[in-house]
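For reference, the structure is listed below as structure tokens.
The values are calculated or read from the model by the stated rules, or taken from the named source; none is laboratory data. Predicted, not measured: the structure shown is a model, and the values here were computed from it. A quick note on method: Cβ atoms are made from the backbone with ideal geometry, for glycine too, and the neighbour counts reach across all protein chains shown. Just the protein is used for accessible areas: all its heavy atoms, side chains included, with ligands, DNA and RNA removed. Shrake-Rupley method; radii C 1.70, N 1.55, O 1.52, S 1.80 Å.
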Amino acid sequence: MTDDDHSLNDSPPSSPSAPHDRDPGHRSSDTLWTTRPETAGDIAAVHAVNAAAFPTEAEADLFDALRDDPSAWLPGLSYVAEAPDGSLAACALLTRCLVGGVPALALAPVATAPAYQRRGAGQAVVRALLDAARLRGESLVLVLGHPEYYPKFGFVPASRYGIRPGFEVPDEAMMALVLDGSAAVAQGTIEYPAAFGV
């Protein structure tokens, strides 16, 4: 778990398009974080941030496995936050999942390099990534995470929408965010990409 992102591994436990146009990045209003989509040159640094942020390399390996899965990977929905020196401070990923057979998004992993935890980098990259998903016309995002952290982005227990994971987790930890309030919210069981191992 990262201090900044307060995740429950930011993913279900494992035992749980065309490329996006170049985005000039968003400057976080809180402070120094520039957020932007991941580029090919960021792959090693994204792996390193995930490996440093968690006790094992499981999340780093999950990120890589999702990148290699064409049914899960959505170009332009892997974001990074840059520190003032240009190094990667945080990263976050949205991949394709299904709810009752209807396309949705899974937010995981979310990681912040230890040197930048509790300084807003994780929040900045998650907000930018959710904005990018809205702009793409996505309607629903799911996250398994700490219930005191993710509600600041608008997440609520997924059970309120009749959405449930296919494994046991505390109800308050499985959360959903509706990005498009004009669309009907899918109900049913969440089907994660194979890399999650659930």
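Counting protein heavy atoms only, the range 26-176 has 53 percent of its accessible area on carbon and sulfur, 1.4 angstrom probe.
Per-residue counts of other Cβ atoms within 10 Å, averaged by peptide: what ranking do you get for 92-100, 64-72, 112-120, 145-153, highest first?
On the way: 92-100: 23.1, 64-72: 15.2, 112-120: 18.9, 145-153: 17.2.
My ranking of the peptides, most packed first, is 92-100, 112-120, 145-153, 64-72.
Anisotropy class assigned to the range 30-96 is oblate, per the alpha carbon gyration tensor with a/c at or over the 1.5 cut-off and a/b no larger than b/c.
Max-minus-min Cα coordinates of the range 49-175 on each principal axis give 44, 32, 30 Å, with the largest extent listed first. Put the Cα centre of the range 121-172 next to the Cα centre of the range 58-119 and the gap is 13 Å.
Heavy-atom accessible surface of the range 124-198, averaged per residue, reaches 44 Å², computed with a 1.4 Å probe.
At an R0 of 35 angstrom, the distance between the Cβ atoms of Asp64 and Val102 translates into a FRET efficiency of 0.85.
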